[in-house]
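None of the figures in this text is laboratory data; all of them are computed from the coordinates on show. Since the model is a prediction, treat every value here as computed from it, not as a measurement. Please note: Cβ atoms are built from the backbone with ideal geometry, for glycine as well, and neighbour counts cover all protein chains shown.
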Amino acid sequence: MKTLANILRVLQIILNILLAVTAIPGGIMLLVNFYAPPVEQLQGSIFNNFTIPGLALAVIVGGSAIVATIFLLKKSKFGTMLTATAGVIIMFFEFVEVLVIGSPAGPGQIMQIGFFGLGTLMMIASYGAWFLDLLASPR
């Protein structure tokens with residue numbers, strides 16, 4: 001059981017790092033308008049440009065993953081909860097993205113599905129770790 005708990009902890013660390021190293025540069029790329037979708041996709045939404053989505057992606061999504069990673073590396077009891085939170089944040093970000101710009105075929109759609117899937121994996125790993133923690137705790 002201890003081995004499985006360690007595997008889930010390492011998996012959470014890997015998933016958080018993957019999210020952070022993709023979300024932060026992705027948010028920066030939106031902010032500087034490098035490899036960003038056309039601004040016309042925002043027509044009819046509350047956004048005039050990609051500044052707020054870029055900041056949200058870099059700071060909120062990427063930042064939450066970094067914070068979760070730090071807590072997991074310090075073996076804090078909050079690391080798993082923060083991983084689950086980071087997973088929910090990226091899933092919510094992708095949900096809002098689909099509502100705002102849709103899900104156009106191509107690389108954007110693949111990234112939307114992939115990041116929503118990453119958030120789902122983060123949730124599954126977190127729930128697994130919580131469950132193992134409950135089984136190991138004395139009654």
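In table form, for the structure just shown:
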{"quantity": "Aspartates and glutamates whose Cα lies under 19 Å from that of Lys75, excluding same-chain neighbours fewer than 8 positions away", "calculated": "Asp133"}
{"quantity": "Distance-filtered residues of region 70-106 - backbone nitrogen under 17 Å, label point 7 angstrom along Val10 Cα→Cβ", "calculated": "72-75"}
{"quantity": "Helix-only mean residue ellipticity at 222 nm for the chain, each DSSP H run of n ≥ 4 adding -39500 (n - 2.57), per residue, nearest 500", "calculated": "-24500 deg cm²/dmol"}
{"quantity": "Region 37-103: translational diffusion in µm²/s, Stokes-Einstein, Kirkwood Rh over Cα pairs, 10 °C, 1.306 mPa s", "calculated": "122"}
{"quantity": "Order of Phe116, Phe34 under a 10 Å beta carbon neighbour criterion, fewest first", "calculated": "Phe34, Phe116"}
